[in-house]
Amino acid sequence: MENIPQYIQAIPLNHYIILCAIVFSIGVTGVLLRRNAIVIFMSVELMLNSVNLLLTAFSVYRGDASGQVFVFFIMALAAAEVAIGLAIIVMIYRNTNSIDINVLNRLKW
Amino acid sequence: MSTFYFIAFLSVLFSILVITAKNPVHSILYLILTFSTFTIHYILMNAQFLAIVNFIVYMGAILVLFLYTLMLMNLNKDSEPFKSNLVKVAAYVGGACFLITIISSLKAFNTSQLVILKDPNLGLVKNLGKILFNEYLLPFEVSSILLLSAMVGAVLLATKESKTT
């Protein structure tokens, strides 16, 4: 436990930001690319997690533990969001027999 | 140091596989692998509390919930109707433009300080628990109300409507 902090001594903050930006933009691409509602939801989870990692990196960089408490609250929020979202998807599937989001374009009217 | 770059490569690779896998079950399994690499990132930053919470909440609860929901729906026959090629190209271009915007704005700042953990017990459970129950006691209680209301809402949405109504 004492020698774990030695691993991160030499990593610039830029590389954490670039990694999280790449994962976040992969999530954005997944939302735009797919038509399956569950996979879109998983891309949203990917974006949330990349932001969590970046908040933790900033928290370690500043030496401030408030960032990690904030990440904990984001995780609690994500759990609530997943429960509600999956319930909505189950309801959509029960009504339309499909989770293709193109079926939902009737929501315009 | 090279551990970080190897794990970062793995997390980018698995997250690309999440959005390109044809079968939704495969994408959920790749998402589990992505989250496990994120857990390793937390361990490398010595944020042990967040590593445990990420392991239990995300990989243990949320992704199992995804798998069960997918299992309830019988999607085997027409699993993935992909979008047209024009929309696909537009999606890739949009994602790439977003990435280029963020990275070029990062270049404008031109900061490259190292991430150094000054206080080794910053992310331990003892330290975070003290902060959570002193400064952030009210948000903690409010989040418990949020979880309760989310549970009630999920039960209300997912149960079938009774015929008597």
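Just so it is clear, none of the values below were taken in a lab; they were calculated from the coordinates. Since this is a predicted model, take the numbers as computed values, not measurements. Reconstructed Cβ throughout: ideal geometry from the backbone, glycine too, with neighbour counts over all protein chains shown.
State, as an integer percentage, the relative contact order of segment B:1-66 based on alpha-carbon contacts under 8 Å between residues 6 or more apart.
Once divided by the residue count of segment B:1-66, the mean separation gives 29 percent.
Placing one identical point scatterer on every Cα of segment A:4-109 and ignoring solvent, what is log10 I(q)/I(0) from the Debye formula at q = 0.13, 0.14, 0.15, 0.21 Å⁻¹?
Taken in order of the listed q values, log10 I(q)/I(0) reads -0.62, -0.69, -0.75, -1.11.
Using Cα pairs under 8 angstrom and six or more residues apart, how large is the relative contact order of chain B, in percent?
Reported relative contact order: 21 percent.
For A:Ala76, what charge total do you get from the other residues with a beta carbon under 15 Å from its beta carbon, if Lys and Arg give +1 and Asp and Glu give -1?
-3
Could you check the spin-label model distance between B:Thr111 and B:Val93? Points 7 Å from the Cα along Cα→Cβ, value in nm.
Taking the simple label geometry, B:Thr111 and B:Val93 are separated by 3.4 nm.
Measure off 7 Å from each Cα along the Cα-to-Cβ vector at B:Leu124 and B:Glu161, then give the distance between these two points in nanometres to one decimal.
For the pair B:Leu124/B:Glu161, the computed spacing is 5.6 nm.
Pulled fully out, how much extra length does the chain show between B:Tyr68 and B:Ile102, if you take 0.36 nm times their separation in residues and subtract their Cα-Cα distance?
Separation in residues times 0.36 nm, less the Cα-Cα distance, equals 8.7 nm.
With θ taken as phi - 60° and the coefficients 6.51, -1.76 and 1.60, list the Karplus ³J(HN,Hα) couplings across segment A:64-69 in order, rounded to whole Hz; mark glycine and proline as x.
10, 7, 5, x, 6, 5
Using θ = phi - 60° and the Karplus relation 6.51 cos²θ - 1.76 cosθ + 1.60, list the HN-Hα couplings for segment B:35-44 in order, rounded to whole Hz, with x at every Gly or Pro.
Couplings: 5, 5, 5, 5, 4, 5, 4, 5, 5, 5 Hz.
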